[in-house]
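Contents: one structure, followed by commentary.
Read the figures in this text as sums done on the coordinates, not as results from a lab. In this text, all values refer to a predicted model and were calculated from it rather than measured experimentally. All Cβ positions, glycine included, derive from the backbone under ideal geometry; neighbour counts span all protein chains shown.
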Amino acid sequence: MGRGRRAPGIRALALVLLAVAAAAGVAAGDPDPDELERAFPIVEPDHGHTKLRLSEQGLDAIRRIENPIAVVGVIGPYRSGKSFLLNQLLSLSCDKGFGVGHMRDTKTKGIWIWGTPVEMDVDGSKVSVLYLDTEGFESVGKSNVYDDRIFALATVLSSVLIYNLPETVREADISRLSFAVEIAEEFYGRVKGQDVAFEPAKLLWLIQRDFLQGKSVQQMVNEALQRVPNDNGDKYIDEVNQIRDSLAVMGDNSTAFSLPQPHLQRTKLCDMEDKELEPLYVKRREQLKHLVASIIKPKIVQGKTLNGKDFVSFLQQILEALNKGEIPSTGSLVEIFNKAILERCLKVYREKMDGLGLPVPVEKLQQVHEMANDEARIIFDKQHFGKHHAAQSVLKLEDEIKKALLTATKVL
């Protein structure tokens, strides 16, 4: 009888303990799925609005992802409808999705992600697709260098980069692609064995306009990318023409798409349902979703896909490189990607030298050094990244090999 009366109390105690354990799990960092159904900042401006800093709440949302990650990023001028577009791609209302602003000041600061990735099947593998919103260009109170850092970071992180432009492609819009072009030129097609730095983002020109006057949107973009005469030798025109040439060469890595205005009353878009929007817009929006899904690929770094923790680590490295110096540098990024290859080359060199069994005659040491040095350089030449900015990495390799040789010489 005594044991029977105590049993309900024991069961009650067990339930309490389970509840406490569950609460402890949440407190320890296990995220509530409902809490992730919102936008999180991952990068924010510093106090001077010139450089970028990480935001932990957004990074925590990413770290939990175990599948390979792909990223759809949207860039463009401020007040061009980037946040509304992302909500449309995610089938989210304005009050639930990314913040949409109609005031003069830009709504999105830094870079934000939607906390719950979209699960897609890409070439037979399950991929978690993150949607990324960026602070618009040309808003008041910001430096051009800050805009360049936002653009550069979005370029490096994205698998598909949607360049959201109202009405047409301006020369300034092409000029902004200078960093994206540098990135692509440094790494485009750089495949040696299984080593791939990363494929440049697929560039999707999204032109929001109702009438194209008989031209396709691809024709409009192609015309905008044609060289313009520069008889007076204007330096700016020459620089933009070089960007045009590079974009033309990488044509298979970009595409163009037109999207009509959803409704004339833009400030009321958030209050409208699909049935109130322009039918052609709704049709083209769905086609855009299918297009993005058809070209999305998981992010690859050094031959490997990235899960959440890997992606955050990658983001931290890239941000550190972009914050170096007064302006973002492609060379800084190249150094990051070459770091692992430098370590591999030095390991090969040291293993060859360690096999000598010091001490040995100086002639023998020099002979093995030259063989090991040649082997390390061959590996570096085959696998390094960067067509134009690899010189710094070469100097580092030579410096480390000299240090290793000096250490071996002292043993003698």
Practice task
Give the value in nm², to one decimal: projected area of the alpha carbon convex hull of region 290-369, averaged over all directions.
Solution key: 9.5
Fill in the blank from the handout: Here the gain from full extension of residue 168 to residue 272, 0.36 nm per residue of separation minus their alpha-carbon distance, amounts to 34.8 nm
Practice task
Please give the contour-minus-distance gain from residue 145 to residue 53: 0.36 nm per residue of separation, less the Cα-Cα distance, rounded to one decimal in nm.
Solution key: 31.7 nm
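Can you tell me the length gained on complete extension of the stretch residue 293 to residue 316, counting 0.36 nm per residue apart and subtracting the Cα distance? Kindly include the intermediate steps, with their values, before the conclusion.
Numbers: separation 23, 0.36 × 23 = 8.28 nm, distance 2.70 nm.
Using 0.36 nm per residue and subtracting the Cα-Cα distance, I get 5.6 nm.
Over 21 Å between Cα atoms: which of 289/309; 51/289; 202/304; 96/297; 215/297 fall into that group? Before the final figure, lay out the partial values.
Numbers: 289/309 27 Å; 51/289 33 Å; 202/304 18 Å; 96/297 27 Å; 215/297 30 Å.
Beyond 21 Å: 289/309; 51/289; 96/297; 215/297.
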Practice task
Provide the packing ranking of 82-90, 227-235, i.e. peptides ordered by the mean count of other C-beta atoms within 10 Å per residue, highest first.
Solution key: 82-90, 227-235
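What ranking do 50-57, 69-76, 160-167 get when scored by the average of other Cβ atoms within 10 Å per residue, highest first? Intermediate values should be presented prior to the final figure.
Numbers: 50-57: 15.4, 69-76: 25.1, 160-167: 20.9.
Result, highest mean first: 69-76, 160-167, 50-57.
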Fill in the blank from the handout: Diffing region 394-409: the Karplus 3J(HN,Hα) column from phi (6.51, -1.76, 1.60, θ = phi - 60°), in whole Hz with x for Gly and Pro, holds 4, 4, 5, 4, 4, 5, 5, 5, 4, 4, 5, 5, 4, 4, 5, 5
Completion exercise
Sorted by chain and number, the residues with a modelled amide H under 5 Å from that of residue 51, at a separation of 5 or more or across chains, are 46
